[in-house]
1. Scanning for something among the aromatic types (Phe, Trp, Tyr), modelled with pLDDT under 90 and more than 21 Å from the chain's Cα centre (by Cα), does region A:302-310 turn up at least one residue?
2. With closer than 22 Å to C:Gly334 by Cβ and either in contact with a Lys or Arg (Cβ under 6 Å, 6 or more places away or on another chain) or modelled with pLDDT under 80 (or both) as the only criterion, which of C:Ile431, C:Ile456 stands out?
3. Which residue out of C:Glu461, C:Glu475 is at positive phi, in the same structural domain as C:Leu337 (by TED's automatic domain parsing) and at pLDDT below 85?
4. I need a count of the residues in region C:387-403 that are buried (at least 17 other Cβ atoms within 10 Å of the Cβ) and hydrophobic (A, V, I, L, M, F, W, C).
5. Which residue, of B:Ala205, B:Ala196, B:Ala170, is surrounded by fewer than 23 Cβ atoms within 10 Å (Cβ to Cβ), over 25 Å from B:Thr270 (Cα atoms) and out of contact with any strand residue (DSSP E or B) (no Cβ under 6 Å at 6 or more places or on another chain)?
6. Within region B:284-304, take every residue that is of a type in the set (Gly, Ala, Ser) and either within 14 Å of chain A (Cβ to nearest Cβ) or in contact (Cβ under 8 Å) with a residue 24 or more places away in the chain (or both) and give me the one that is farthest from B:Ile58 (Cα to Cα).
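The values are calculated or read from the model by the stated rules, or taken from the named source; none is laboratory data. Not measured: the values here are computed from a predicted model. Every residue, glycine as well, gets a Cβ built from its backbone with ideal geometry; the counts of neighbours run over all protein chains shown.
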Amino acid sequence: MHRLIQATLVGAVSLALFGAPAVAQQKKSLALVTNVSADFWTVARAGVMKAQGEHPDFAMQVIVTGQATAAEQRRELDDLLASGVAGISISAIDPKNSTEEFNKVASHAALFTTDSDAPNSNRLVYIGTDNKAAGLQAAGEIRKALPNGGKLMAFVGTMDADNARERVEGIREGLKGSNVTIVDIRTDGGDFAKAKANVQDALAKGGLDLLVGLYNYNTPQIYSAVKDAGMSGKIKVVGFDEDAQTLRGVADGTIQSTIVQQPFQFGYQSMTDLVKYINGDKSFIPANHLIIIPTRVIQKDNVHEFQQSMRRMLAAK
Amino acid sequence: MARKDWGLLLLLLVVGGVTAILNPRFLSAVNLLDMANLIGLFGIFSIGVGMVIITGGIDLSVGSIFALLGVVFIDLLVNRGVPWPLAILAVVAGGVVLGGLQGLLVTKAKLQPFVVTLCGLLIYRGAARYYTTDATMGFGYSDDFDWLGWLASGRSWGIPHPFILLIIVAVVMGVLLHRSVFGRYLFAIGRNEEAARFSGIRTDAVVIGAYVISGGLAGVATICLVFYTNSVSPSSFGNFYELYAIAAAVLGGCSLRGGEGSVIGIVLGTALLQVLQNLVNILGIPSSLNFAVMGTVILLGVLADQPIVRRAIPSFRTLRPGRGTAKPVPGSVAPDRS
Amino acid sequence: MAADTLLSLAGISKSYAGVRALVDVSLGVEAGTVLGLIGENGAGKSTLMKILGGVVQPDAGSIVIDGVPHGAMTVASAARAGIAFVHQELTVLDNLDVAANIFLGREAVAGGPLRLVRNRAMHDLARPLLQRLGADFGPETSVSKLLIAQRQLVEIARALSVDARVIIMDEPTSSLTLQETERLLQVIADLRASGVAVIYISHRLHEVKACADRVVCLRDGRVAGGLKRDEIEHNAMIRLMIGRDLRSLYTPPLASPGGEICVVDRVVTSAFPDRHLSFTLRRGEILGMAGLVGSGRTSLARALFGVDPILSGEVRLAGQAVTMRSPRQAIEQGIYLVPEDRKGEGLVLDMKLSENISLASMQRHARLNLIDRASETATAREQQASLRIKTPGVAVHAATLSGGNQQKVVLAKWLSMAPRLIIFDEPTRGIDVGAKGEIYTLMRALADDGVGVIMISSDMEEVIGVSDRVAVMHEGRISGVLDRPDFSELNVLRLAIGQPAEHLETVS
């Protein structure tokens, strides 16, 4: 009797507290789990929202991993499983050490990876950029910017994540045979101010011809530091991603080019393919389990048009 | 300047000197001014946290205050079209209010400062992330704030504005702490709150004042930090900065037991921390060693201060009875009147 | 030394950095006797005790215990030899219970690798010790709940628990009430009867007189002389301590007491919400406040000073009703407190003398809230001179001064302002005889200047020797007020335990 009352109480309380998810439980729920908080994922969210509009019978959400740690991501996954999620698309922070956790998730729900892959896990498919290809693309831009060779330094949040490693790998491979050398890669642990200070210190130290921003916030911090130092045009910049400041830098010529991914497609395709999979359609999965969404090079001639489309997308949130 | 401050200055000069020998570019104007800028950014709020530490408290919340006030600030300017003077006022007032609330909880509800500000750290960070649904806030595609950005993070005569602001804040706070009645009360409370109360000091009001200063300076620092990075990621903006502030204050001679510290010490402590971060980059030490270098130097700095103290205390204790014997207390004669 | 001498010191000398703390000190104590050790602060008593405890090593001389000479003692060998200490400063830990304190470091433990503490066994061992001391609390009581006096008993119980053969008591009664002191003296008598030797160090000469079989007096690091049982007299001891006679403590007021300065009318304090108390303080008199610890004297002082609330009733100062909701408000009205806990509430030890003196009157030394250090220092120098504070300067930290001089700094803080009523709570605790006299002179001068002076004290000599009238408290109310002709230890004691005094009418 006592237990019954307890159970009823617990039930009532949880219903009151989690009333909304309880209703959504009738719909199948899908989640996009990010690796960090960034505008990049705001754009992806726009893609998720588009998919949501097309599939109102699913409940879609974006979960932002604010601390950018594998531990936080693991907790988010456990919480999602506990709430009975049907499908997850995740950007893996620490893929090497998350295999077990991801396999656990994959045994209960449809698991995709996006943006950052975990190839050793039982994820069904990876939707995203081939970061190595993006690195190769960047290397091409670097060669164009430094036809006679030179020295570059790269800036990144952490080198833990595979997307960072693969981009660097692509750049190194693409620069083989050229006179361009990578002097150093500086990390900032996600602290924007530290990211900018790293660039300033590099400029003060001198001897560089080109700076590479590997993460989406690194490039704007490079832009800001280079401008503050009055070195626009004196030092080349090649970046990744499409932060507003990055695009501004491309427009005013401080940044030669930036390699952009298509996060809108990550979000949109993650959700629509999850829907397909849950509805029993597996035909979209290629043999290698990789759906590559190509990266684009944004430079002075196409930056205006790209800025417009970004503005539209971000305004829609 | 106290002996401790000179010691810290010496440490700063030694570290700077060694770095300069290894790479002379450390002393280039560009590098020094870049560092001055960062010292300004970090020094402003470190002084505020130092005030709280002097009362015997601690403020763990400033890093999260930056995130919360930072996203609010950008939102007010970019999305809500609030005139900039009002937006700045709102942010500083926000810091003052948050600091005041923490002060009230510490004094009136008698909660421990560590607990109150730890909860602040969690709450403000969460509020900031919720406020923006975890999105990074930036000035985006608008150019309207370039000159405000210049005001908050630009340079005049080559001197970064945050550094100028730090000098102003340091002078004002230095006078407040070392010359004013309020400052005297802060030290008295930090050393013996009961005795201060028994001397008629409104101890609660003074302690709240310290938290208000910390919050207010955090508000001021928010504006400079926002224009330094131009965008605010609510989950990472200002992460760990409270620890930089505490480290700077401790290096600068503040005791976590309260009642000790100086503004000049805190500024020098901040400078040392920034020099350490800079030398990691200038000397090409792997970024991953950044924190390890910082921790080691703080530890050495604090240790260097220790043996003197440790040696002084026992000798003082054992000497006292001896002294008393050799020179009997002159007050031990009988009273003259009877 | 006699054959039955349990412990003897011969020719002990000790210097610190060339300063001679002890010179050729010899003394002995026989089993079953009490040796009274007297001397002013700084006379060398503490150094002697540290040598006995093995904390410091003598430069010369020997210690003989049971006929076995020890060139130098260590802390461990002192304990092994059966020497135990009851310290002046409380060394109990208030986060543990009584039994845990008594057996600290010697806990009863169960076998096995975890060495679990057997609390019940320790309680059982501690209980008879506490009973022997007449303690009104059990071994399982948390020390944090005990009064200072009770904590002292725990210390004594700790010494008893090691079956010590020589117990050294350093000012053991400085925090005890009259009743507890009586009980302690009884305990000492019991210990003596059971063959334990006691070295009893105290400034309270009547206690020494009451318990000692022999008295040795130290002065300037030397043995100034000794007294046999039948020679132990107050004046003889004082003569030995200071080298001449101390004149009577009492100084009559300049003029006979005038009108009422302060009237406490049916005041109820939070410590005794169902009791009210009334008394008047007349111009020019020193009103002593006697009573047992916990009788409400300190609560009254705290209420008058605005620390604790006054629940009902009225306090009139020079005919006008005053309210004190905080110390700040009390200070604004000229009501000052010289607190019992000098180091905790009276002084900021790590601040300069001048800063301590100006702390309560900061605004007078400030312009536009900026401190005028010249004015601050000038005031401090003035006070230093007029109170004869012995210090190398007003810039030294209060912590470096002796107890008497620290108390003068607390006084200087108030005297630099405009006092109307000063409450002294145990003003001379831990202060040596000479400095005591100076404090009394100051109190008298204040009273003569028309300042109301209330002196709370547990020191019977002080209460009877200094006051013009004595109000005795018992369980939260004034049980009687004595005029000088009726002063006697007996009368104070009777009122303190709630009985009427002799030869006078009690005040309701």
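1. Quick first cut of region A:302-310, residues among the aromatic types (Phe, Trp, Tyr) only: A:306.
Of the ones still in play, those that are also modelled with pLDDT under 90 are A:306.
Adding the requirement that they be more than 21 Å from the chain's Cα centre (by Cα) leaves none.
No: region A:302-310 contains no residue that is among the aromatic types (Phe, Trp, Tyr), modelled with pLDDT under 90 and more than 21 Å from the chain's Cα centre (by Cα).
2. On the way: C:Ile431 fails: closer than 22 Å to C:Gly334 by Cβ.
The match here is C:Ile456.
3. On the way: C:Glu461 fails: at positive phi.
Testing whether each residue is at positive phi, in the same structural domain as C:Leu337 (by TED's automatic domain parsing) and at pLDDT below 85 leaves just C:Glu475.
4. Total meeting the criteria: 5.
5. B:Ala205
6. If we filter region B:284-304 for residues that are of a type in the set (Gly, Ala, Ser), which is where we start, we get B:284, B:287-288, B:292, B:295, B:301, B:304.
Then keep just the ones that are either within 14 Å of chain A (Cβ to nearest Cβ) or in contact (Cβ under 8 Å) with a residue 24 or more places away in the chain (or both); that gives B:284, B:287-288, B:292, B:301, B:304.
Working: B:Gly284: 34, B:Ser287: 29, B:Ser288: 28, B:Ala292: 23, B:Gly301: 21, B:Ala304: 24 Å.
Result: B:Gly284.
Residues checked against (1) at negative phi; (2) small (Gly, Ala, Ser); (3) surrounded by 24 or more Cβ atoms within 10 Å (Cβ to Cβ):
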position	(1), (2), (3)
A:Gly206	no, yes, no
A:Asp209	yes, no, no
A:Val212	yes, no, yes
A:Tyr215	yes, no, yes
A:Ala229	yes, yes, no
A:Lys236	yes, no, no
A:Phe240	yes, no, yes
A:Asp243	yes, no, yes
A:Thr246	yes, no, yes
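Matching residues to (1) of a type outside the set (Gly, Ala, Ser); (2) in a strand (DSSP E or B):
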| residue | (1), (2) |
| --- | --- |
| A:Ala154 | no, yes |
| A:Thr158 | yes, no |
| A:Glu166 | yes, no |
| A:Ile171 | yes, no |
| A:Gly189 | no, no |
